[in-house]
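The values are calculated or read from the model by the stated rules, or taken from the named source; none is laboratory data. From a predicted model like this one, the values you see are computed outputs, not experimental measurements. For neighbour counting, all protein chains shown are included, and Cβ atoms are generated from backbone atoms with ideal geometry for every residue, glycine included. These area figures cover heavy atoms from the full protein model, side chains too; ligands, DNA and RNA do not enter into them. Shrake-Rupley method; radii C 1.70, N 1.55, O 1.52, S 1.80 Å.
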Amino acid sequence: MSVKVYERILDLFEAEGINTLFGIPDPNFVHLFHLAEERGWNVVAPHHEESAGFMAEAVSRMTGKAALCIGTLGPGLANLAGAIMCAKVENSPVIFLGGQRARITEQRVRRGRIQFVQQMALVENSVKYSASIEYAEQTDEIIREGLRKALSGTPGPVYIEYPQHVIQEELDVPPVLPPEAYRLVGQTAGADLVAKAAELIGAAKQPVLLIGHGVHTSRAGASVKALADLMACPVIQTSGGTSYIEGLEDRTFPYGFSAAAIDAVVKSDLCLAIGTELGEPVHFGRGRHWVANEANRHWILVEQDPSAIGVNRPIDVPLVGDLRAIVPQLVDALKDSPRTPSPELEGWIKQDADQLAELAETAPSGMSPVHPARLIVEATKAFPEDGIMVRDGGATTIFGWTYSQAKPHDVMWNQNFGHLGTGLPYAVGAGVAAGGKRPMMLITGDSSFQFHIAELETAARLGLPLVCVVAVDYAWGLEVGVYKRTYGQGSLETGVHWSKDTRFDKVAEGFGCYGEYVERDEDIAPAIKRAYASGKPGVIHVAVDPKANSEEMPSYDEFRTWYAEGQQ
């Protein structure tokens, strides 16, 4: 079979179930983009390559597969650098494909070369694998190695480039191979360790399930639900894994931000951790809330990367492999001996529900501008059924952890890297992955919203059901708070304030979206409803109180303990 290199690249990705690409086409890519659209791919061109990378990352999270992002040579690849690093820190298997000048140009001893930079050197420390397709016949082996590396061990990004002269060369190739023919798929854990884990679970009096980001990005919710039902115990969310599993909403508590979660962790005699690195935001599983009862607590860790076992804390039973394969093994091992519910489970469920209701009741109301806690309460009460929640911003996200009244099944934000400005691109990518059918809500701070605000046009062009609720204090609110705590009230707050003439509702209208300005609590939910009803992406500009936004962030002391075991 004779094909062009760009045709073969699409064939190889299609074999992995990938049919979406993000990027801004240039002469290196027009043939690939054109053919992809002919084949029925989703081909999305944003307004910035970094946005393209974030959009692809969102698709990966929503599909449980690798995703594809393309960057033009030189400045396009340079613009992707932030998204590549974010994918690395967030463990997202994104394939970044880059064009490059012909090798004769690259190897010449010349000055003044146009649109040229050494791209491999730029990104090689931020990816799991980098390679160049120097010869057409290398196409299969390099693309497959990229997919193999992206999806094995701890998932992460790879970078593959091809020089301009290679992309249209002809290849004689056999039919494409299915994934299981060239990489390990569905790795299970050893039967002896599964049996040992089941024995520990059966003997535990107060087990907890610690659920991380990886459960949701691998789309393993249904099997984890089956395991949780057999264990009949609390589900503790890491702050990076805040998507709720359907059917477990009532007994899922956020680590550190729920009194029920803290009590369940303190009293636990076994922790089964799935899809989490046990990183700083859970105090490595050995500090803060884990200290009490540490001597009596067993640990089971489901982890795909064998080199991660025992790094952050000792593990009694490591189950190494794909959680999508291991969790069903545990379900099978426990199905004939389900646990009776933990004795305090019903009390914790009530305690958490009461705490949430009390927060909704006590969030300051009647203020204009709006108190940010009240903004979160009102916006999340209006969160649509089966919606996708997207978070962005500093202070706004911190308020959201505590005051959110919604329990969404899909949440998009980047905890580990803390990259602001991802919200709008994440929303676009998630919307594309969902076929434009699921409503989305982005709750963001104003400063973060402006990073990639041009992607409002992309959302409008694609007709995505997205409402952006923007908390506007005309400042970097989290950093204003840092100045106040460091230097006191009335000190210089250098570089953290900006123009109060900006109106995001008007900006939205300029991009063909729905816009509305709000400065009272009671107007937030109706504005959100009108935005969804408009049939356009919407932006709700909510004026929030700057003093409250910078001084009254809830659970801030808990948040500070994330950093280097309490040291900033």
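In region 37-51 there is at least one residue matching the filter, namely being touching a residue at least 40 places away in the same chain (Cβ under 8 Å), among the polar types (S, T, N, Q), farther than 18 Å from residue 435 by Cβ and in contact with an Asp or Glu (Cβ under 9 Å, 6 or more places away or on another chain). Among the residues of region 312-332, those that are in contact (Cβ under 8 Å) with a residue 24 or more places away in the chain and in a loop (DSSP other than H, G, I, E, B) comprise 312, 313, 316, 321, 322.
In region 509-517, the condition of being buried (at least 20 other Cβ atoms within 10 Å of the Cβ) and part of a loop (DSSP other than H, G, I, E, B) is met by at least one residue. Among the residues of region 333-366, the one identified as without any contact (Cβ under 8 Å) to a residue 24 or more places away in the chain and hydroxyl-bearing (Ser, Thr, Tyr) is 362. Test residue 418 against the criterion of being out of contact with any Pro (no Cβ under 6 Å at 6 or more places or on another chain), among the small types (Gly, Ala, Ser), open to solvent by 10 Å² or more (accessible area, probe 1.4 Å) and free of Cβ contacts under 8 Å to residues at least 24 places away in the same chain, and give yes or no. Considered against the rule, which asks whether it is out of contact with any Pro (no Cβ under 6 Å at 6 or more places or on another chain), among the small types (Gly, Ala, Ser), open to solvent by 10 Å² or more (accessible area, probe 1.4 Å) and free of Cβ contacts under 8 Å to residues at least 24 places away in the same chain, residue 418 comes out as yes. Set side by side, the residues 278, 248 differ, and just one is at positive phi, assigned to a loop (DSSP other than H, G, I, E, B) and open to solvent by less than 10 Å² (accessible area, probe 1.4 Å), which is 278.
For region 533-544, indicate whether the set of residues that are open to solvent by 80 Å² or more (accessible area, probe 1.4 Å), in contact with a Gly (Cβ under 8 Å, 6 or more places away or on another chain), closer than 28 Å to residue 405 by Cβ and modelled with pLDDT of 95 or more is non-empty. Yes: region 533-544 contains one or more residues that are open to solvent by 80 Å² or more (accessible area, probe 1.4 Å), in contact with a Gly (Cβ under 8 Å, 6 or more places away or on another chain), closer than 28 Å to residue 405 by Cβ and modelled with pLDDT of 95 or more.
Residue count for region 199-213 under the criterion of being surrounded by fewer than 23 Cβ atoms within 10 Å (Cβ to Cβ) and not in a loop (DSSP other than H, G, I, E, B): the result is 4. Scanning region 478-493 for residues that are over 16 Å from residue 557 (Cβ atoms) and surrounded by 10 or more Cβ atoms within 10 Å (Cβ to Cβ) yields 479, 480, 483, 487, 491, 493. Could you please let me know if residue 95 is closer than 30 Å to residue 417 by Cα and either of a type in the set (Gly, Ala, Ser) or touching a Ser or Thr at 6+ places or on another chain (Cβ under 8 Å) (or both)? It is false that residue 95 is closer than 30 Å to residue 417 by Cα and either of a type in the set (Gly, Ala, Ser) or touching a Ser or Thr at 6+ places or on another chain (Cβ under 8 Å) (or both).
In summary, residue 71 fulfils each of the numbered conditions (1) within 28 Å of residue 220 (Cβ to Cβ); (2) open to solvent by less than 20 Å² (accessible area, probe 1.4 Å); (3) small (Gly, Ala, Ser) with the single exception of condition (1). Within the set 308, 260, 292, 232, the sole residue that is touching a Pro at 6+ places or on another chain (Cβ under 6 Å) and open to solvent by less than 50 Å² (accessible area, probe 1.4 Å) turns out to be 232.
Of the residues making up region 488-508, those that are under 17 Å from residue 448 (Cβ atoms), β-branched (Val, Ile, Thr) and part of a loop (DSSP other than H, G, I, E, B) are 496, 502. Is there a residue in region 75-82 that is touching a residue at least 60 places away in the same chain (Cβ under 8 Å), of a type outside the set (D, E, K, R) and open to solvent by 10 Å² or more (accessible area, probe 1.4 Å)? There is at least one residue in region 75-82 that is touching a residue at least 60 places away in the same chain (Cβ under 8 Å), of a type outside the set (D, E, K, R) and open to solvent by 10 Å² or more (accessible area, probe 1.4 Å). Residues that are in contact with a helix residue (DSSP H, G or I) (Cβ under 9 Å, 6 or more places away or on another chain) and within 16 Å of residue 68 (Cβ to Cβ) within region 131-147 comprise 131, 133, 139, 143, 144, 147, listed in sequence order.
Within region 119-146, the set of residues being open to solvent by 10 Å² or more (accessible area, probe 1.4 Å), touching a residue at least 12 places away in the same chain (Cβ under 8 Å) and over 24 Å from residue 11 (Cα atoms) comprises 120, 122, 124, 126.
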